[in-house]
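Everything on this sheet refers to the single structure shown next.
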Amino acid sequence: MSHLLLAQIPFLAPFTALGVYWWILMVPLVFGIAVVYRATHDASLDRFWTRAGLFTVKSMVAMMGLALALYLFVYLVIPILPAD
Amino acid sequence: MARDDSASLDEQLNWKAAAAGWLLPGLGQILLGHRQRGIYAMVGVLGLFVGGLFLGGVDCVDRREDALWFYAQAGAGPIAFGADYANGALLKSGRVGELVESPTPFGSRAPPPQVSTLKSVTLMNEIGTLYCALAGLMNLVVIMDALKRVPREAEGER
């Protein structure tokens, strides 16, 4: 990973150091959305970061659940369906 | 009667705060007295946008090549236009990196287009583009919030 970091020119060249772990970037994306959503939606800003973090976790779990359901549907349900 | 209702609704909308919110995310809420809320919104929107530029490079914001994405990104305000300008001034002009010929599209008689060696074409370009676009769309939420939010000084009167 270190040689990839050396090749990185921040804000000019794409950040490629994560490689196959690119999907981790979904977490900060959802967290950013959670921060804006909580800032505009909540009447009180008490425990703001905790609630934004919880929103992130819930969203991630929901997306992982949907991904798992889709995986099971494609690999388990579709193969047993009649072909014609 | 209906005209009076619409006029009172128009008075309730904070157009100046909404415009300020487009110029700088969260500024609308700050001007209305909701300083902390505005700072949180600013951190969220600018964090997403700057994060997108970091991940995919300034090539993620391209008014000409990715016009549909840019419509969403432009919601983040002048920072999107600045990133598009930086893309043209630094990468597309060849001031940073090198310009190389890319293959001519099939059937085209036009000369081969020149692209920067730093052009972002990988998966990270897509992710960076998505980050910037979501920053713009979330700022529209922030702007609509500023448009309808009751100013802090008027909250006690209600």
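Coordinate-derived values only; no laboratory data. Nothing here was measured: the structure is a model prediction, and the numbers come from that model. Cβ sites come from the backbone with ideal geometry, for glycine too, and all protein chains shown count toward neighbours.
Tabulated values for the structure
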quantity	calculated
Check: the protein assembly as shown dipole with +1 on Lys, Arg Cβ and -1 on Asp, Glu Cβ, in debye	380
Footprinting exposure proxy for A:Leu68, B:Leu91 (fewest neighbouring C-beta atoms within 10 Å first)	A:Leu68, B:Leu91
Cα centroid separation - the range B:76-122 against the range A:1-79, whole Å	29
Dipole of the protein assembly as shown, positive end: most advanced residue of A:Ile80, A:Pro10, B:Tyr71 [Cβ charges, Cα centre]	A:Pro10
Rounded to whole Å, sorted largest first: equivalent-ellipsoid semi-axes of the range B:1-125, Cα gyration tensor	40, 18, 10
Chain A, relative contact order [Cα under 8 Å, separation at least 6], %	20
Percent of Cα pairs exceeding the 16 Å cut-off, where the set is the range A:23-84	56
Relative contact order, percent, chain B [alpha-carbon distance under 8 Å, six or more residues apart]	35
Computed label-point distance, nm, for sites B:Ser8 and B:Leu140 using a 7 Å Cα→Cβ extension	3.1
Dipole in debye (nearest 20) - the range B:7-158, about Cα centre, beta carbon charges: Lys, Arg +1; Asp, Glu -1	140
Cβ neighbours within 10 Å from other chains - mean over B:54-66	3
Table column - 3J(HN,Hα) (Hz), the range B:33-48, Karplus curve with 6.51, -1.76, 1.60, x for Gly and Pro	x, 9, 5, 5, 4, x, 5, 4, 5, 4, 4, x, 5, 5, x, 5
Largest-first principal axis extents of the Cα set of the protein assembly as shown (Å)	65, 55, 44
